[in-house]
Structures are given as structure tokens and as C-alpha cells.
Amino acid sequence: MPIFEASVETPIHPNPSTVAIRPSLAVELFWTGWMLGRGKEPSVPGLDLRSPAAQALATRIADLWNDGERCLTEVLVLAGESGTLFTLDAATLLDGISAAASQPMDAGRLRLETESPESRGRVLKRLERLGSDPALRRRLEWVLRDLWSLIRPAWELGRPRVEAAAGRLADQVAQGIEPIELLTSLHSSWREQVRTGLRRGDAVIVPALISGSALMLDLPGAFLAGTPLDPPDPAGVLRAAADAAARPLKALADPTRLAVLGFLRSHPAGVVEIAERFGLSQPTVSIHFKTLRDAGLVRGERQSGRVLYSVDEARVQAVLAAAGRVADGNCD
């Protein structure tokens, strides 16, 4: 499946070489899982991996596979297979990964030549298990949705930095700088393999907000070379953090929505039940639910032909924590 279609949400920064420069929300999720699995704490405004919700998620990632490796490489493979590797829309990405996980995977297509034989075998085994186990697919889906809830405040704050970095990198390549020189934190033992990969026609450099180091991954439709962003400029970080924190809080500024959210924390419910309990019309409740969904504060799950809504606790805690950090003047 082609994965290089342009979209208004994922700009391709053209340059005269074969290397594209593109952000990737899938890579951000990958790195977050990697850091959780290793107890790392990134210096990313708006992201706290020490919180109880983050630590509980780290345990769930470890328990998901229980194979000694907490690196979610299969997520990048599935994003590539579904054509969502470079989307910046979380819903599109998560739905695409879920759909791809249920399909048989042709192991012969998955080169993964950048991986060790042990790592490649582990990824292939995970993909095989996902294809045959619906319950495991659901567990992975919820892990990824909770990962997104965890990083969403940081991503909303940092996305402009990522997109600006992509533009700067593309300009540097256009000026004749060799693409490999743009990859900071690149281990010397990787250098020649990455240099070779960047000469492929499908090479992509991914500037990442959340990053443990350089990334190198050989996929059927892309050779990924990830690099962390430059350290943020302290000037303006507090204002940007305040803007990002205020957006989801606007959904709670309405007393009815705040009361509905409080009710849903202990009573998952559908539109009809909420309308009856709060004396509202069903269209009005639907509008309130849309606002809460768009803010990421509630999520719906279809059960017996109807959608039951519940609170995304990780997202609520992340929003409140982000607001608290801004109020304290601490956005580092």
C-alpha cells in the first residue's frame, strides 16, 4: 500500500534529494512506549512519564507481550501497512493500526533489515499473534489509545516545533547538506547503514518531539531515520503551554458538560440515559458528547448496538496536570 500520498495535515517538504522530511505521530507513540519500558523521562514540556497513569501504562505494555522486549516496533510496521505512518490525526492512525493488525501479514515483505535476527523474529511473532487473536488486538488498541491520551498535551504543545523542524531540515537538504548530517544522536556503528538507507527512493527523515535517540527502521514502504528536535527555546514555552492546556479545559467550562463528565466517571452511559437523567434533549446531549470527545475527555464503545461513553481517566489527569504546571509556572 502506498504511504507517501500528500495530505493537508502532513506536509511533505520537497528537496532535490530522494529524502523526504515528514513528522510521524506513530513514531511519537513508539518512542513514548520505548521510554516507558526503560524508565526514561524525556525533557518534553507537557509530558510526565512519572505519573501513576504513566506507570500503570508501562506495566500494561510489559504485560501485553511478556516476551522480554517493551519496544513497540510492530506499531510502526502496522502504521506503514495501513498507510497511516505519516498521518498526524490520532483517530486515523489508531483506526488504521487496528485494521492492519487483523489482516494476515506477509513476512517475506517485511524486510526489517535494520533489526537483529532476534528482534525481527519477535516482531513477526507479535504480528502473527495479533492476526489470530482478537482479544490481543483489543488490548493493543487500548494501550495505544491510552498512550495517545498520555502524550496528547505534549503533542498539542509541541506539534508546531516538529513541523517547523521539518521545514528547517528540508531547507538544509536543499542547500546541499548531506541528509545523514542532519541526524543528531546517531550512533557511529549505524552510520554506514543509515547512509545507505537514505539513498533509497523511499527514505524519510522523521523529526520527533519525543525521542530517546536516533531511529533507524527498514519498512516495506519507507526507510525511517528519526532524529530528536533541538532543545526548546524557553521564550514562549509558558504561553504555548497555556494555550495547549486551555483548549481541552474549554470543554469543561460548561456546567452541564462538567456534570455529565462527573456522572460518567462512575456510570458509563449512552445518549438516551444522559438525556433522561439530566432532562436534556438527545440532540443537545449529542452535541455535548461531541465536544467532550473532541477534547479527548470521553470515549465511546459500541455494546449491543448502542454506544456507551466513559471517561478517559488518563486524558483527564493529563489535562489537569498540564493546567497545574502552567499555573505553577513549570512547563519544562
Out of Leu72, Leu49, Leu76, sole residue that is assigned by TED's automatic domain parsing to the domain that holds Gly176, more than 28 Å from Val316 (Cβ to Cβ) and at pLDDT 85 or above: Leu76
Residue list for region 292-328, restricted to those being assigned to a helix (DSSP H, G or I), out of contact with any Asp or Glu (no Cβ under 7 Å at 6 or more places or on another chain) and buried (at least 16 other Cβ atoms within 10 Å of the Cβ): Leu292, Arg293, Arg315, Val316, Gln317, Ala318, Val319, Ala322, Ala323, Arg325, Val326
Could you list, in sequence order, all residues of region 260-281 that are surrounded by 13 or more Cβ atoms within 10 Å (Cβ to Cβ) and in a helix (DSSP H, G or I)? Val260, Leu261, Phe263, Leu264, Val271, Glu273, Ile274, Ala275, Arg277, Phe278
Based on what the data block shows, is Leu150 surrounded by 23 or more Cβ atoms within 10 Å (Cβ to Cβ), of a type outside the set (D, E, K, R) and under 30 Å from Ala245 (Cα atoms)? yes
Tell me whether region 139-151 contains one or more residues that are among the acidic types (Asp, Glu), out of contact with any Pro (no Cβ under 8 Å at 6 or more places or on another chain) and outside any loop (DSSP other than H, G, I, E, B). yes
Among the listed residues Glu163, Glu192, identify the single one that is in a helix (DSSP H, G or I) and closer than 28 Å to Ala54 by Cα. Glu163
Please identify the pairs in which a residue from region 94-108 that is under 19 Å from Leu147 (Cβ atoms) has its Cβ atom under 9 Å from the Cβ atom of a residue that is polar (S, T, N, Q) and outside any loop (DSSP other than H, G, I, E, B), counting only partners at least 6 apart or on another chain. Asp95/Ser82; Gly96/Ser82; Ile97/Ser82; Ser98/Ser82; Ala99/Ser82; Ala100/Ser82; Ala101/Ser82
Being at pLDDT 90 or above, surrounded by fewer than 22 Cβ atoms within 10 Å (Cβ to Cβ) and within 21 Å of the chain's Cα centre (by Cα) narrows it down to one residue among Trp142, Trp155; which is it? Trp142
So which residues in region 184-214 are among the hydrophobic types (A, V, I, L, M, F, W, C) and at pLDDT 85 or above? Val194, Leu198, Ala203, Val204, Ile205, Val206, Ala208, Leu209, Ile210
Confirm whether Arg257 is outside the structural domain of Leu29 (by TED's automatic domain parsing) and crowded, with 20+ Cβ neighbours inside 10 Å. yes
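The values are calculated or read from the model by the stated rules, or taken from the named source; none is laboratory data. Since the model is a prediction, treat every value here as computed from it, not as a measurement. In this analysis, Cβ positions are derived from the backbone assuming ideal geometry, glycine residues included, and neighbour counts consider all displayed protein chains.
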